[in-house]
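Working notes for the structure below.
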Amino acid sequence: MPAHLLQEEISSSYTTTTTITAPPSRILQNGEGKLEKTLLHLEEDIGPELKDDIYDPSYKDKEGPRPKLEYVWRNIILMFLLHLGGLYGILLIPTCQVYTWLWVVSCYGFSALGITAGAHRLWSHRSYKARLPLRLFLIIANTMAFQNDVYEWSRDHRVHHKFSETDADPHNARRGFFFSHVGWLLVRKHPDVKEKGGLLDLSDLKAEKLVMFQRRYYKPGILLLCFILPTLVPWYFWGETFQHSLYVATFLRYTLVLNATWLVNSAAHLYGYRPYDKTINPRENILVSLGAVGEGFHNYHHTFPYDYSTSEYRWHLNLTTLFIDCMAAIGLAYDRKKVSKAAILARVKRTGDGSYKSG
């Protein structure tokens, strides 16, 4: 069976896919229509439970100087040591056993899905639903990824979407590449991030027992899944040296996953095209999609954050969408939300930068 037919079969079978359509009459009222009114109508179409991750264009930074930066020296020291260990791990790669390379790739993909399919698309944006076995898989994978627990990750991510590129955005890209990439983790959060984050409705996350269980036992969880297990498996099962196991399978692997995720906040907000909405900063960045298993179609994602694929093109450079569709085929994922082609084209015509190419 041709690949495109297989994709359609898996994408549409065994489960429902909700197509979100913004009625043209609503979008185009008052001439070209204002962005604020369009977003309001989209919120009505997709339901009030999704509105907390919809961009608020009316919010502006408060006037006056920013608060003085407060460095978090513990984070600075630990991040420096981690990257130093990762660099040393690169030197050890040529002398690793093949099984260790395969183990690193497996752990990378597993933990990446914990962020992309789990914390991001499932829990932050509620763009699809997952049954208990899949949620359990994703919560374990997310713990291995060690990028804050799902509750905190989702809260910060919703704030990022709603107040993107302002002081209320945890990794505001207007403060430069380094800040949006890693610097935001090395300083205290801006007061506006805390203020706006505290106003979000996080009742869905609080009601998720698995999410709250992870939050409660997060420290022992990351110690076991992010550090101990990835080190012991190659050392015990195929006799890899402890040095290679620690620096390659653990420190290098963890460093790579972190930086691939951070590139979504930095590179994908600064470099690339804006075919869907030229009025916002996020861009389409193919290289980021390769490293972050599908998260680099960022102009699309910030334009339509409720789309489970985070892209118009589903499987194209998007292993996370392939994974979710496979889970849907066996009944573990369902109610995948997808934006209609008509709504996409209407938005491209109205706010795109002219670089759009239909796939």
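The values are calculated or read from the model by the stated rules, or taken from the named source; none is laboratory data. What you are looking at is a predicted structure, and each value in this text was computed from that prediction instead of being measured. Please note: Cβ atoms are built from the backbone with ideal geometry, for glycine as well, and neighbour counts cover all protein chains shown.
General remarks:
- Only helices (runs of 4 or more DSSP H) whose full extent lies in the range 291-359 are considered here, and none of them has at least 2 residues that are among the charged types (D, E, K, R) and at positive phi.
- Applying a threshold of 6 Å to beta carbon distances and a minimum spacing of six or more residues, or different chains, the list of pairs starting in the range 273-288 at a residue that is at negative phi and ending at one that is charged (D, E, K, R) and assigned to a strand (DSSP E or B) reads Y273/E284.
- Residue in the range 39-54 that is modelled with pLDDT under 70, exposed (fewer than 15 other Cβ atoms within 10 Å of the Cβ), within 23 Å of A346 (Cβ to Cβ) and basic (K, R) present: no
- Selected residue (criterion: nearest to N281 (Cα to Cα)) from residues of the range 313-359 that are acidic (D, E) and surrounded by fewer than 23 Cβ atoms within 10 Å (Cβ to Cβ): D353
- Flag for R126 being within 22 Å of V264 (Cβ to Cβ) and of a type in the set (K, R): yes
- Test result for T310, within 21 Å of Y108 (Cβ to Cβ), crowded, with 20+ Cβ neighbours inside 10 Å, modelled with pLDDT of 95 or more and in contact with a strand residue (DSSP E or B) (Cβ under 9 Å, 6 or more places away or on another chain): yes
- Just one of the listed residues (W153, W101, W123) is without any contact (Cβ under 8 Å) to a residue 24 or more places away in the chain and of a type in the set (F, W, Y), and it is W101.
- Whenever a residue of the range 228-249 is closer than 9 Å to T100 by Cα and hydroxyl-bearing (S, T, Y), its partners that are modelled with pLDDT of 95 or more and in a helix (DSSP H, G or I), lying with C-beta atoms within less than 7 angstrom and at least six residues away or across chains, give the pairs S245/T231; S245/P234; S245/W235.
- When each of S164, S154 is tested for being under 14 Å from K60 (Cα atoms), within 16 Å of the chain's Cα centre (by Cα) and among the hydroxyl-bearing types (S, T, Y), the lone residue that passes is S164.
- Residues in the range 55-75 that are outside any loop (DSSP other than H, G, I, E, B) and of a type in the set (F, W, Y): 2 in all.
- The requirement of being of a type in the set (F, W, Y) and either under 30 Å from D307 (Cβ atoms) or in contact with a strand residue (DSSP E or B) (Cβ under 7 Å, 6 or more places away or on another chain) (or both) is not satisfied by Y88.
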